[in-house]
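One structure is given below, encoded as structure tokens.
The values are calculated or read from the model by the stated rules, or taken from the named source; none is laboratory data. In this text, all values refer to a predicted model and were calculated from it rather than measured experimentally. For neighbour counting, all protein chains shown are included, and Cβ atoms are generated from backbone atoms with ideal geometry for every residue, glycine included.
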Amino acid sequence: MKTAFGTASHGLFCVRSDDDLERAIENVRAHLNEGVVVQEVVQGPLERMQAVFDTGHMVGFHVNRQVVEGVSGGDLVKESVPAPLARQHMECIGRHLMWHGGLSIDYIVDRRGEPNYIDANPRLAETGNALAVGLNLPDLLVRISLREKLAECRIDTAGSARSWAFKHSFGQQGIPVLAGGSREAWPI
């Protein structure tokens, strides 16, 4: 059960028992006039796709799959994966909306291999894996913002999927520090 507006850690309630249901209803009661979404749980890997659009034309696309879940459902380890069906859907959405800018959509792949969409945001998020496979989504976003015309759609290269892990600790000034004191990610 989800409130109409919220995040993965606020406004989202997993209901597995009568007690969970009562707790969820009590928490969303104040938000009923905004709407509440009730979804059945779908088992499968969580994937996050992102794209950059130039007035409905997709100029960049990338997908991460969560390999290891971290705190509050975030990605502790993720890998870049090809996702042709999700890409096709993202392209249709962007074209239909004449979208200009970044767009991110999370989904769960069901046992049939089909994406079940669960969250969308009008921005880019977590672009590190895309950069690791040679796709700089923030650069594309800046370039379209400067009205540069980009001819072809850039996607991550099939077969170049990589996993990256980040240590939980932070160094001075809040800069992430990885094993061995490095500030770089390393393949798993």
Being surrounded by 15 or more Cβ atoms within 10 Å (Cβ to Cβ), within 20 Å of the chain's Cα centre (by Cα) and among the hydroxyl-bearing types (Ser, Thr, Tyr) is the requirement here; does Thr3 meet it? yes
Taking Ser72 and the conditions (1) surrounded by fewer than 14 Cβ atoms within 10 Å (Cβ to Cβ); (2) over 22 Å from Gly6 (Cα atoms), which numbered condition does it fall short on, given that it satisfies the others? (2)
Taking the condition of being surrounded by fewer than 13 Cβ atoms within 10 Å (Cβ to Cβ) and farther than 24 Å from Val71 by Cα, how many residues in the range 7-36 meet it? 9
Across the range 90-111, what is the total count of residues that are of a type outside the set (Phe, Trp, Tyr), in a loop (DSSP other than H, G, I, E, B) and within 29 Å of Val36 (Cβ to Cβ)? 2
When the range 29-67 is checked residue by residue, the ones that are more than 16 Å from Tyr117 (Cβ to Cβ) and at pLDDT below 90 are Arg29, Ala30, His31, Leu32, Asn33, Glu34, Gly35, Val36
Which of the residues spanning the range 112-156 are more than 17 Å from the chain's Cα centre (by Cα), assigned to a strand (DSSP E or B) and surrounded by fewer than 17 Cβ atoms within 10 Å (Cβ to Cβ)? none
May I ask you to say which residue of Arg29, Arg87 is under 24 Å from Gly128 (Cβ atoms) and either part of a helix (DSSP H, G or I) or among the aliphatic types (A, V, I, L, M) (or both)? Arg87
